Amino acid sequence: MAQYMILIYEDESRFQEMTPDQLQDLFAAHSRFAGQIGELGATMVAGDALEPSSTATTVRDDIVTDGPFAETKEVLGGYYLVDARDLDHALQVARLCPAPYGGVEVRPVMDTGGM
């Protein structure tokens with residue numbers, strides 16, 4: 001098994017418009033997704049939602065700036081780290097990941113064990 005990071009990028013302004021019921025439905029969808037990972041034969045190693053990008057602090061060289069590095073419509077809002085057989089398996093899992101206002105990116109985790 002290899003590790004893959006499923007990065008969730010969405011238009012975070014859309015979340016400000018959600019009703020409490022819609023937000024609860026989204027959290028329920030993520031709970032279902034966590035169960036589906038195992039049903040597909042993969043393993044969730046970790047996963048979390050992130051606070052809004054307005055809470056970010058960016059460090060470039062020795063300069064520290066409040067806020068995200070770049071203004072973009074879609075920002076990183078959360079992630080799942082999964083163990084999957086291969087990229088195709090990780091993509092099968094990622095297709096089920098709720099991201100109603102954007103999409104997900106799947107990236108293999110670099111094995112640095114031999115370094």
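The values are calculated or read from the model by the stated rules, or taken from the named source; none is laboratory data. Worth saying up front: this structure is predicted, and the values here are computed from it rather than measured. In this analysis, Cβ positions are derived from the backbone assuming ideal geometry, glycine residues included, and neighbour counts consider all displayed protein chains. Accessible surface is based on the protein model in full, side chains and every heavy atom, while ligands, DNA and RNA are left aside. Shrake-Rupley method; radii C 1.70, N 1.55, O 1.52, S 1.80 Å.
Gain in length, Met115 to Gln92, computed as 0.36 nm per residue apart minus the alpha-carbon separation, to one decimal in nm?
Contour length minus the Cα-Cα distance gives 5.2 nm.
Taking the Cα centre of the range 38-99 as the origin and placing charges on Cβ (Lys, Arg +1; Asp, Glu -1), which of Met44, Ala94, Tyr79 is farthest toward the positive end of the dipole?
Ala94
Extending each Cα 7 Å along its Cβ direction at Asp62 and Ala2, get the distance between those two points in nm, one decimal.
It works out to 4.0 nm between the two label points.
Which whole-number percent gives the relative contact order of the range 1-104, counting Cα pairs below 8 Å spaced six or more residues apart?
Over the range 1-104, the number comes to 49 percent.
Express the Stokes-Einstein translational diffusion coefficient of the chain in µm² s⁻¹, to the nearest whole number, given a Kirkwood radius over alpha-carbon pairs, 10 °C and a viscosity of 1.306 mPa s.
Using the Kirkwood radius from Cα pairs, D works out to 103 µm²/s.
Per the helix-only calculation at 222 nm, which mean residue ellipticity applies to the chain, given -39500 (n - 2.57) for every DSSP H run of n ≥ 4 and division by its residues, nearest 500 deg cm²/dmol?
Taking each H run of at least 4 residues, the total per residue is -8500 deg cm²/dmol.
Could you list which residues have their amide H under 5 Å from that of Val45, counting only those 5 or more apart in sequence or on another chain, with H placed in the peptide plane?
Here the answer is Leu81, Val82, Asp83, since their amide H atoms fall under 5 Å of that of Val45.
Accessible area of the range 1-56 with a 1.4 Å probe: how many percent of it is carbon plus sulfur?
51 percent
Which value, in debye to the nearest 20, gives the size of the charge dipole of the range 2-115 about its Cα centre, when Lys and Arg are +1 and Asp and Glu are -1 at the Cβ?
320 debye
Excluding Ala90 itself, what net charge comes from residues whose Cβ is under 13 Å from its Cβ, given Lys and Arg +1 and Asp and Glu -1?
So the surrounding residues net to -1.
To the nearest 20 debye, what is the magnitude of the charge dipole of the range 41-106 about its Cα centre, counting +1 on the Cβ of each Lys and Arg and -1 on the Cβ of each Asp and Glu?
It comes to approximately 260 debye.
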